[in-house]
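Student: There's a structure below that I have some questions on.
The values are calculated or read from the model by the stated rules, or taken from the named source; none is laboratory data. Computed from a prediction, not measured in an experiment: that's the story for all the values here. As a convention, Cβ positions derive from the backbone with ideal geometry for all residues, glycine included, and neighbour counts pool all protein chains shown. Quick note on the areas: whole protein, heavy atoms, side chains included, nothing else; ligands and nucleic acids left out. Shrake-Rupley method; radii C 1.70, N 1.55, O 1.52, S 1.80 Å.
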Amino acid sequence: MKQNLLVGVLGKNGSGKSYTWKALFGRRVNTGKNLRRLYLNENEYVEVFLINGSPGERHKYVGEIIKVDKPRIVLCSLLYSRKLTETLNYFSDNDFSMYIHYLNPGYCDDYNSPLFYNLRIINDVLSSNSVICIRDAKVDIDDRLIEIKDFIYGWANRRGLLCTKKKTKKENLLF
């Protein structure tokens, strides 16, 4: 059983990757240097490391962006590009299962793109105890957010990673 979890949002520029994190946290969030709380309900949260702005867009190796020693859960924007293989290999090599929402294929991407089929990205991800979901980011985001939180909740609960603390007034205003 993989010990870590990558929750990725995959897409081209403008597909809704950063918007997903903004909606999930209830505010604009940037890549940080520390873990942050992601509340999954009123009283339970997990600690996550967020990479908002994909390693491909930053022209950086993902291992240089993650400043926390061995985070258990990483939320990461994933740019649909040739550098994607390098980023996914990092997570696979570091014992991460992957749960990825691929946003808007077919809207500005081609399902038969040589990127995914020639580079075997789909096969590589699926062979590493992972899930890829295709989602339309042009529709209401609420169902996607519930789906992401439910997946994280189940994964974290099974591994004893859920923390309990009632949200502060400030945190309640954000959600």
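Student: Name the long-range amide H neighbours of Ile73: under 5 Å, sequence gap of 5 or more, or other chain; modelled H, no Pro or chain starts.
Tutor: Leu5, Phe49
Student: A further question follows. In the structure displayed, which of Lys67/Lys138; Lys33/Lys138; Lys17/Lys67; Lys2/Lys67; Lys2/Lys167 lie more than 28 Å apart, Cα to Cα?
Tutor: Cα-Cα > 28 Å for Lys67/Lys138; Lys33/Lys138; Lys2/Lys167; rest within.
Student: Calculate the length of the line joining the C-alpha centroid of the stretch 48-75 to that of the stretch 1-32, in whole Å.
Tutor: The two parts, judged by their Cα centres, are 11 Å apart.
Student: Count neighbours as other Cβ atoms within 10 Å of each site's Cβ, and list the trypsin sites (Lys or Arg not before Pro) in the stretch 1-104 that are DSSP loop with at most 12 such neighbours. Show your work: numbers first, answer last.
Tutor: Details: sites: Lys2, Lys12, Lys17, Lys22, Arg27, Arg28, Lys33, Arg36, Arg37, Arg58, Lys60, Lys67, Arg72, Arg82, Lys83; in loops: Lys2, Lys12, Arg27, Arg28, Lys33, Lys60, Lys67, Arg72, Arg82, Lys83.
Here the sparse-neighbourhood loop sites are Arg27, Arg28, Lys33, Lys67, Arg82.
Student: OK, next. Could you name the aspartates and glutamates whose alpha carbon sits less than 17 Å from that of Lys165, not counting residues in the same chain fewer than 8 places away?
Tutor: Excluding near neighbours in sequence, the set is Glu42, Glu44, Glu47.
Student: Show which aspartates and glutamates lie in cross-link reach of Lys83 when reach means a straight Cα distance below 13 angstrom and same-chain residues fewer than eight apart are skipped.
Tutor: List returned: Glu57.
Student: Using θ = phi - 60° and the Karplus curve 6.51 cos²θ - 1.76 cosθ + 1.60, what whole-Hz ³J(HN,Hα) does each residue of the stretch 97-102 get, with Gly and Pro shown as x?
Tutor: With the stated coefficients, the stretch 97-102 comes to 6, 10, 10, 10, 9, 8 Hz.
Student: While we're on this one: Return the label of the correct value of Rg and Dmax of the Cα atoms in Å, as calculated from the structure shown, out of (1) 22.4, 74; (2) 23.2, 88; (3) 15.5, 50.
Tutor: Label of the calculated value: (3).
Student: Related question: Give me the accessible area per residue for the chain, probe 1.4 Å, as a whole number in Å².
Tutor: 53 Å²
Student: Let me have the relative contact order for the chain, percent, based on Cα pairs under 8 Å that are six or more residues apart.
Tutor: 30 percent
Student: With every protein chain in place, what's the accessible area of Tyr39 (1.4 Å probe, Å², nearest 10)?
Tutor: For Tyr39, the solvent-accessible surface is approximately 0 Å².
Student: Still on this structure, please answer the following. Could you work out how far apart the two model spin labels at Ile134 and Asp150 are, taking each label as a point 7 Å from the Cα in the direction of the beta carbon, and quote it in nm?
Tutor: Each label point is offset 7 Å from its Cα along the Cβ direction, giving 2.1 nm.
Student: Given Leu79, Ala137, Tyr19, which one lies farthest toward the positive end of the charge dipole of the chain, if we put +1 on the Cβ of every Lys and Arg and -1 on the Cβ of every Asp and Glu?
Tutor: Farthest towards the positive end: Tyr19.
Student: Determine the share of the stretch 7-53's accessible area contributed by carbon and sulfur atoms, expressed in whole percent, with a 1.4 angstrom probe.
Tutor: Roughly 40 percent of what the probe reaches on the stretch 7-53 is carbon or sulfur.
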